[in-house]
Each structure stands twice: as structure tokens, then as C-alpha cells.
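A.B. asks: Submitted below is the structure of interest, expressed as C-alpha cells.
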Amino acid sequence: MTTRPPAADPAADDAAWTGAARRATASADVRMLLRSARRRRHAHWLAAGMIALALGAGAILVVQTGTMDRLMGAEPTTKPQVEPRVAPNRGPMLDVENPYRSTPAADWADGADGIAPPTATPVNGFSAEQVSNATEQVRDVLVASRVDRRMLMDHDPEGFLAKLAPDARRQLGPLFGGGREPDVQSLVSMVAKGSVLLPVEPKVDGEMVVRAGDAGELVVRTNYVFVYAFKPEGPTRLVDAMNVLVVVRADVDYVIRAGDRWTAGSQGLWYGDATGYAYSIGCDAYRRGYLAPAVTERTVTSNPNRAPATYFDPTSPLPATSGCSQ
């Protein structure tokens, strides 16, 4: 399997990126729980906020949302808030045709091209051909859930749901369109109403790894970062790149179930454990299950312990800090 290079070290970032990161407001943390009625599988979604740079950098949003905690009656943790301090923009004009310039995602692949299945070998009783088919299915579901504009802009889940096992579709289908979008946010990306993506593909970096699961199961571990570019609200000469970019890290296990152990409705592709974060994100939208740029946020809290460029690195440790406040 090809190992993708990590994001650039913050010390090597050029002046434009440093200025942009210092002026960016950010981010959100969400912890999600998805429960399979058959297997009681748990998926946890952790979204951590952008961390303030040292030496007077702008304050950063680090707050928490626990969707399933609310459903189960648990009280979320609320962090104290302070007003953001955003330095005036003195950088170059935003390039709307290449908004990723001067960020660690500049040279990443575009959209579906960034999701490449590994070389297939036999695993856990699955032949190489079956493993290849499984990873292609996972690639297709990642494209449908994170790249396809029918999901991103139209919030149409049919292309995504159609790729899952019938019982999985039955579980996830009711979470779309009825106000329960935060419950499925660990698996899909949807843009908030009122926000518009630029006509460029999201940048994608990461990998998938195949491993053995339980009997009759093949697990495909996916670890990807998706960077979405939003249309600026004002003149582009006043916009820093990180004011229009949203970074989503998604580490999701997809599980192929096959064989007589499973009923017909359970055979096929399922979701498993899911962790990740969102960076440079508007939390008002994110609490509702959607993506919007960080400039939609009014108040932030600071945490000086993480360098901004690490959020672009799919191999970096997941942050332990909390996310969007209630």
C-alpha cells in the first residue's frame, strides 16, 4: 500500500500560510455514537477545534457537542468563551480557482482521486478478488458520503445509502431530513444552508487498510482528511484561505459481512467505529449536522497546545480536547 506523506511541518509553512492560520477562527468537536441493533457496534465521533498560535495569535474555538449524550440524557461539557481577536488581513488576494494555495492541502489529490484502494491480498477467508471488491465498495461509499455534491449540497443520501447493506440502510435512512443529521455526521459531510462551496473539488489525503474482523467479516479501516472550499462572502482581496476552508478528518471502519452467518438483509457493507474532527468550522452549523466556514462563528475559546498544520495530517493523533459548546 502506498503511504501518503504527512502534512508539512508548521515550521516550514510559508508566510502566507502562517498569516492565514493566525487569523483563522476554528473549530468544532463532536462525539457521535451510532448503534447497530444487531451487533451493538459503537462509533464515536470526536471533532477538535483549531488551536491558537503562540505570541498573540487569534483565539481559537474549542467546544464540544455530544449528540447521543443529549439523547441519553447526559449533560455536555461547556467551555468558557472569549471574544475572538482577528488580525487585519494584509495577505494576497484569494485565488478562488485554487483556494488551497499556501495551505498543507495545496498538492493533495482532487476529490475521488484522493481515495485509492490498496493492493488486494487474501484476508480472513476472503479471496484477493473479494478484498478488491470490498475496497472498491468502500471507495465508492466514501465518494458518495464526502465528495459527491448530491450529498454535500443537496443533502440527498440515496447514493450513499444504496451502497450499504439493507439493514444498515434501514437504520441510517431516518437520520436524514428530520433534524437528526448530527447523528450521522460521523459518516457524511453536508453543507449548511446559506453556505456555498466554490466550484472546485475538495482536497483529499489519507489511506485505507484491510484487516480481519470476526468470522464472516472483513474490516476496511479508512483514515482520510477532506478539505472543503467555501465561496467567500466579501471581496476576495480581504479573505484569508482559512476563512473559507473547512477541514474534516474521518477515521471510519467499514465492515463487509458475507456468508451464511448473516441474514440476507445483513450481508453487505456496514459502518463500524468512527472517530475524527472538524477544523476551521462554524459550530452553529456543525451542531445541526452541517459544515460552514469558521467565519460564521462569533465567540471562541483558546487552547495553545496544537499546531494548525497537524489538523491536515491524517497520521497525526486525534485531539483529546472538547468540541462545540451548547
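A.B. asks: In nanometres, what is the gap between the two model label sites at SER127 and ASP95, each 7 Å from Cα along Cα-to-Cβ?
C.D. replies: Placing both labels 7 Å beyond Cα along the Cβ direction yields 4.8 nm.
A.B. asks: Let me ask something else about it. Please give the solvent-accessible surface of SER186 in Å², to the nearest 10, using a probe radius of 1.4 Å with every protein chain present.
C.D. replies: Number for this one is 0 Å².
A.B. asks: Let me ask you something else. Averaged per residue, what accessible surface does segment 164-259 expose to a 1.4 Å probe, in Å²?
C.D. replies: So segment 164-259 comes to 32 Å² accessible per residue, rounded to a whole number.
A.B. asks: Rank these residues by their accessible area, most exposed first, probe 1.4 Å: GLU129, GLU158.
C.D. replies: Result of the area sort, largest leading: GLU129, GLU158.
A.B. asks: Looking at the square roots a ≥ b ≥ c of the eigenvalues of the Cα gyration tensor of segment 131-211, which shape do they give, rounded for a/c under 1.5, prolate if a/b is larger than b/c, or oblate?
C.D. replies: Judged from the Cα gyration tensor, segment 131-211 comes out oblate (a/c at least 1.5, b/c at or above a/b).
A.B. asks: Note down the accessible area of MET242, probe 1.4 Å, to the nearest 10 Å².
C.D. replies: Solvent-accessible area, nearest 10 Å²: 0 Å².
A.B. asks: Given a 1.4 Å probe and every protein chain left where it sits, what share in percent of the accessible area of segment 185-300 is carbon and sulfur?
C.D. replies: Details: 1830 of 3680 Å².
On segment 185-300, the fraction of accessible area on carbon and sulfur atoms equals 50 percent.
A.B. asks: Provide LYS163, LYS193, LYS231, LYS203 ordered by accessible surface of protein heavy atoms (probe 1.4 Å), highest first.
C.D. replies: LYS193, LYS231, LYS163, LYS203
A.B. asks: Moving on to the next point. Using a 1.4 Å probe and ignoring any ligands, DNA or RNA, find the accessible area of THR263 and quote it in Å² to the nearest 10.
C.D. replies: The value for THR263 is about 70 Å².
The values are calculated or read from the model by the stated rules, or taken from the named source; none is laboratory data. None of the values given here were measured: they were computed from a predicted structure. Because the Cβ atoms are built from the backbone with ideal geometry, glycine has one as well, and the counts that use them run over all protein chains shown. Ligands, DNA and RNA are stripped out before the accessible areas are found, and what is left, the full protein with its side chains, is counted by its heavy atoms. Shrake-Rupley method; radii C 1.70, N 1.55, O 1.52, S 1.80 Å.
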